[in-house]
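Encoded as structure tokens, the structure appears first; notes follow it.
The values are calculated or read from the model by the stated rules, or taken from the named source; none is laboratory data. These numbers come from a predicted model, not from an experiment. Here the Cβ is made from the backbone with ideal geometry for all residues, glycine too, and neighbour counts use every protein chain on show. Accessible surface is based on the protein model in full, side chains and every heavy atom, while ligands, DNA and RNA are left aside. Shrake-Rupley method; radii C 1.70, N 1.55, O 1.52, S 1.80 Å.
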Amino acid sequence: MTTTDLPQHAREVRRLALTTVHRASAGHAAADMSAADILTTLYWDFLEVDPERPADPERDRFVCSKSHASAALYSVLSTRGFLPEQELDSFGQPGSRLCLAVSCRLPGVEMSTGALGHGLPFAVGAALGARLAGSSRRTVVLTGDGELQEGSNWEAVMFAATRGLDNLILVVDRNRVQKGASTEEINALEPLEEKFRAFGWAVRDVDGHDTAALSESLAAAPFAPGRPSCLLAETVKGKGVSFMENDLSWHSGRMSEEQFQQALGELEA
């Protein structure tokens, strides 16, 4: 596996996620498109996880706190062999393991998420647990940027820095859009990089749709010894689908068949 293969895998993840949410007439397609490159790079190039041994005690821990991107996560897990592709057809159906919010019913998923602001505190605990156990395993958590308006995240940020958890990596999907308006209109986050640095974290910025740059940045973690790492991934909500990109109405919009076919065509172009 090389970084040159990652864009192809990300396109397939986008195709699967779009198909999944369109079939179910449920989900958050624009969030899936935003996070697809990040999730692909994590599972195909960075995380030490094995679909044949999903409960390996020394596996890396990944928490998808950005639960709106559930279809993208399930699609990545499918391409990595954690679940059969045909199971994506059951997304959001009664009794399915593929809940609309990320569910740990699936192998490869460490925590059920959905209530925003819970994933990072859990990940901090997992990183501390690895430290106490003398384990070299890493903990990675993906959050949305609007989610950082939850105070529980900043309590976790303070604690992680206080404990020097340099086995912890936070990736922020920084698309600057949340339901109803931009993040800066609703509850401004900027200057976000300076805030994390002030809280004792080492921070890098990256193009969240450049899989090679994502791979290089993740490989550099920890960004500073004795400090947790924050990767601010600059993204576009709805990336790859022209009528979704940065359009607030697509936070939870539903595609017509014509729009779905257009979106697939754009991804394949």
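Tell me, yes or no, whether region 184-200 has at least one residue that is more than 23 Å from HIS28 (Cβ to Cβ), in contact with a helix residue (DSSP H, G or I) (Cβ under 6 Å, 6 or more places away or on another chain) and open to solvent by less than 60 Å² (accessible area, probe 1.4 Å). Looking through region 184-200, at least one residue is more than 23 Å from HIS28 (Cβ to Cβ), in contact with a helix residue (DSSP H, G or I) (Cβ under 6 Å, 6 or more places away or on another chain) and open to solvent by less than 60 Å² (accessible area, probe 1.4 Å). Among residues of region 46-71 that are closer than 29 Å to ASP145 by Cβ, those with a beta-carbon under 6 Å from a residue that is surrounded by fewer than 24 Cβ atoms within 10 Å (Cβ to Cβ) and basic (Lys, Arg) at least six positions away or on a different chain give the pairs VAL49/ARG59; ASP60/ARG137; ASP60/ARG138.
If you go through region 9-45 and pick out every residue that is touching a residue at least 60 places away in the same chain (Cβ under 8 Å) and either over 19 Å from VAL206 (Cα atoms) or surrounded by fewer than 21 Cβ atoms within 10 Å (Cβ to Cβ) (or both), you end up with 21.
Within region 246-269, the set of residues being touching a residue at least 24 places away in the same chain (Cβ under 8 Å) and in a loop (DSSP other than H, G, I, E, B) comprises ASN246, ASP247, HIS251, SER252, GLY253, ARG254, MET255.
A search for C-beta distances below 6 Å between a residue of region 119-136 that is crowded, with 24+ Cβ neighbours inside 10 Å and any residue that is assigned to a helix (DSSP H, G or I), counting only pairs 6+ apart in sequence or on different chains, returns LEU120/ASN153; LEU120/ALA156; VAL124/ALA156; VAL124/PHE159; VAL124/ALA160.
Restricting region 214-242 to residues that are among the small types (Gly, Ala, Ser) and farther than 20 Å from ARG176 by Cα, the residue that is most open to solvent (accessible area, probe 1.4 Å) is ALA219.
Residues are listed down the side, and each one gets a yes or a no for (1) free of Cβ contacts under 8 Å to residues at least 60 places away in the same chain; (2) over 21 Å from MET33 (Cβ atoms); (3) charged (D, E, K, R):
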site	(1), (2), (3)
GLY144	no, no, no
ILE169	no, yes, no
ARG174	no, no, yes
VAL177	no, no, no
GLY180	no, no, no
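Scan region 201-212 for residues that are buried (at least 18 other Cβ atoms within 10 Å of the Cβ) and in contact with a strand residue (DSSP E or B) (Cβ under 6 Å, 6 or more places away or on another chain) and jot them down.
Here is the first cut: in region 201-212, the residues buried (at least 18 other Cβ atoms within 10 Å of the Cβ) are 201-203, 206, 208-211.
TRP201, ALA202, VAL203, VAL206, GLY208, listed by residue number.
Is it fair to say LEU6 is within 20 Å of LEU142 (Cα to Cα), without any contact (Cβ under 8 Å) to a residue 40 or more places away in the chain and open to solvent by less than 30 Å² (accessible area, probe 1.4 Å)? No. Restricting attention to region 40-76, the residues being assigned to a loop (DSSP other than H, G, I, E, B) and of a type outside the set (Lys, Arg) number 13. Scanning region 148-181 for residues that are of a type in the set (Gly, Ala, Ser), under 19 Å from the mean Cα position of the chain (by Cα) and surrounded by fewer than 19 Cβ atoms within 10 Å (Cβ to Cβ) gives a single hit, SER152. Checked against (1) at pLDDT 95 or above; (2) closer than 16 Å to ASN175 by Cβ, SER252 passes all but condition (1).
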